[in-house]
1. Lys572: which aspartates and glutamates have alpha carbons under 14 Å from its alpha carbon, excluding same-chain residues fewer than 8 sequence positions away?
2. In percent, what relative contact order does the chain have, based on Cα pairs under 8 Å that are 6 or more apart in sequence?
3. When ranked by the protection proxy of mean other Cβ atoms within 10 Å per residue, highest first, what sequence do the peptides 437-444, 619-626 form?
4. Taking the Cα centre of the chain as the origin, how large is its charge dipole in debye, to the nearest 20, when only Lys and Arg (+1) and Asp and Glu (-1) carry charge on their Cβ atoms?
5. Relative contact order, percent, of the stretch 707-803 when contacts are C-alpha pairs under 8 Å separated by at least 6 residues?
6. What size of dipole, in debye to the nearest 20, comes out for the stretch 393-499 about its Cα centre when the only charges are +1 on Lys and Arg C-beta atoms and -1 on Asp and Glu C-beta atoms?
7. I'd like the distance between the alpha-carbon centres of the stretch 465-526 and the stretch 776-791, rounded to an integer number of Å.
8. Go ahead and run the numbers for FRET between Tyr302 and Asp76, Cβ-Cβ distance against an R0 of 45 Å, rounding to 0.05.
Amino acid sequence: MDSVTVQQDQTAAASLEPGAVAADAPGMLQGLRVVEFADELAEYAGLLLAGMGAEVVKVEPPAGAATRQIGPFAGDMPDPERSLHFWTYNRGKRSVTLDIADPAQRDALVALIGSADIVLDSTRGGLHAALGETLASLPGRFPGLIVARITPFGDTGPWKDHKASDLIHLALGGVMMNCGYDAAPPWDYDLPPIAPQLWHAYHIAGEQLLVGILAAVLHRLHTGEGQDVSVAVHDAVSKNTELDVMSWVMRRAPLYRMTCRHAGEQPTHVPNIGHTKDGRWCIALGLSARDQANLLPFLSKYGMQADLAAPGREADLRARNVPGSSAADEGKAHIVEVIQRFIRAYTYEDLPWPEAQAAGLLWAPLRKPHENVADVHWQTRGTFAEIEHPELGRALPYPVSRWLSTETRWQTGTRAPRLGEHTAEVLADPAPRVASVPARPRSGPARLSARGKAFPLQGVRIFDFSWFLASAGGTRLCAALGADVIKVEWKENPDTRLAAMAPVGGREARSTATGPLPGVTDSDMGGQFNNKNAGKSGLSLNIRHPKGLEIARRMIAQSDVVAEGFSPGVLKRLGLGYEALTKIRPDIIYVQQSGMGGVGTYGRFRTIGPVAAAFAGAAEMSGLREPAMPAGWGYSYLDWIGAYSFAMAIMGALFHRDRTGRGQWVDSSQCETGIFHCGVPILDHAVNGRSWERIGNRSPYKPAAPHGAYRCAGQDRWIAIACFTEEEWAALCRIAGTPAWAADPRFATLAARLAHQDALEAALTSWTTGQEAHTLMAALQVAGVPAGVCQNAEDRCDHDPQLAALDWMTEVTGTKIGRWPVTELPSKLSATPPYSGGITDRGAPGYGEDNERLLRELLGYSAQEVADLAAEGVI
């Protein structure tokens, strides 16, 4: 389709407030057509593409997509037109019925694909077989076509044909071993790891696929070249955990899951959520010296300070820790218990958490997903929209937006299509795709990566004020795709560098280690920092100094994007707000990310990943049924999801600018990305009046039994098993050698097993307890039963043959830290593959490592002038 139609009047004055755009403002991908052949693996990716403005045509078999059978259902009446799951993940799409295996419909299929810019495919080779094509040949048959695929385990490797599900992927990918409940004393896990709900393996893979798609779309805009883009769910999920991989890679340090808080190396029995007296929960994070200094006067105001004292004069009030990376002790545990006393004194509605936030404390209620719909902050931001359902005679609330902009907007779309609703009109005139002509063409020769192929973000420069994972991780993805990312820090407010430190003795000591190694204290040698900032250049710059501000302005004049993760308004107060940036460069793209977003009433709230998850509803959703406490997430899930969204906003804005010549200001919210995942429980409350109730590891909506994690032989070893069909159950009984199970009327049918899950789980555990987990997984997979070990970091890093086959890590060399593996992007692009070393072919920069090179190459400073700037405290 002709993307030129989305070009706007170049003389129109830019709105200077994100969100203050016309209701009919385009999406970033307006004018692109996506033809989707997808089930639950890839429907979420299609939803994101539709939200960003693409036309998404969903091809369904005559009987309808299998996801129309996933609950819950409107009125609890199973019906393919009443699935709230289908409604959530197919909003804004059009439905065409077509039997891709029917030769009589081959011409219609080929014509439809010929009209597409992007084909979204999770048929595991079914689409290619129907067309008589291979993975390599399909893009060549349709020049310029981007074929975007999600597979469970990838195209190669020993597990490529394994059966999986959301639960199995969360187990094998390490998420479950980070999430769950505290162990019983002294430290023996009596409860299984818990899979966060709902469908997060496919959310993670879909987000990562979008990163690859956007890179491919940008490359095609400037070269006309299409390509195959693929993501293996196992690869994507295995990289989504936050600290465990680098803690193991660097120091051979295992992490231990704890209730509703970060998995850590030194576990405690003190959750940082408190129970209100009416049975709800509040998170109270932050035990740094700064937090303690803010906590004492707040509690003293209510006479609840107990015996707490202010931190001593020697305390560093500027220090910031990566959650889960700091050592625990009894003193900190006591502070948490004093906070819990305060929380227990209030009901959920009366708890003064807003006052705690105003005092600078990281507090938030654990909301249920539907409780955000009426919140004034999210209403102000347009996070939700009421979408008409004519068949119901009413409108229903959906989460529809992840950021606000001055030029584009997320597209709300219409309710999910009825089966085949658009078949006639779409197939009547599948117009061939028309190549786009960029308004801002690139110049210069292609720059090849260490893989010998072009980077997709050729010539893009990002002036990067990001920090923490949620924003720094986003620009790291861009660096791996070829952007020239200049990471800006200043010693008075540095990024979080002290986590997963390199071991004393370096790589040699790690290669012979048999237990956790002590880490160095050099801030240039943090493994977590290396992983989230690989491929960037490093600039130390004091922009509070007039000369530093002038340097920033001159570099921004040569940049395409300014990216930042500060609290809203910080850069503006320093003289680098959007209006000032547009005077430096009119087509600048300014992307900011904060916890709650700048527009709205919560902009100044202190928010990190766990706090955002509490607000969004993600923390409350996961765990055993009440009265058990929430298990939540064992890492900052929304940090990585925020990072994916940050990268999507950057690349989407680049695509819009390169087509129209116009930049924009994007106000992105980390919490909003979490709310976007909560569409099903929000609809369930609106339609059925039902508040979300935790379901442990069970699967009521895509019925399966057994469906859970079961103890195996060894210390804290578990296997996830999911039987969706009678054939899978029969195979499980054969492998277990227990014909009595098959004959037991409680287990004779899926309906019966669902009604007797406690007894079923007890019977299954009595067998699995004596089995070695990986051996059992192999036997079950051979028999056709979806099964996966609940893998920890050691399993994935040292023993997982599939991740090794997928080249899930890349070795990069840092100047001081040395050569270490970091995670590679899971998006595999056939023409422009990512490379975590970026254009620098290096790990993360040391603090200010590239000062002289950048100042001399970009701004023409002499060596003496650079030295003078350092002496003056400018760099």
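1. Within the straight-line cut-off, Lys572 pairs with Glu17, Glu564, Asp667.
2. For the chain, the relative contact order is 19 percent.
3. On the way: 437-444: 11.9, 619-626: 21.5.
Going by the mean number of other Cβ atoms within 10 Å, highest first, we get 619-626, 437-444.
4. Taking the Cα centre of the chain as origin, the dipole is about 1240 debye.
5. Details: 114 pairs, mean separation 37.5, N = 97.
Answer for the stretch 707-803 is 39 percent.
6. Computed charge dipole of the stretch 393-499: roughly 200 debye.
7. The distance from the Cα centre of the stretch 465-526 to that of the stretch 776-791 comes to 35 Å.
8. Once the sixth-power term is evaluated, E becomes 0.50.
A short reminder: the numbers here are calculations on the coordinates, not readings from a lab. Small disclaimer: the values here were computed from a predicted structure and weren't measured. Here Cβ is always computed from backbone atoms with ideal geometry, including for glycine, and neighbour counts include all displayed protein chains.
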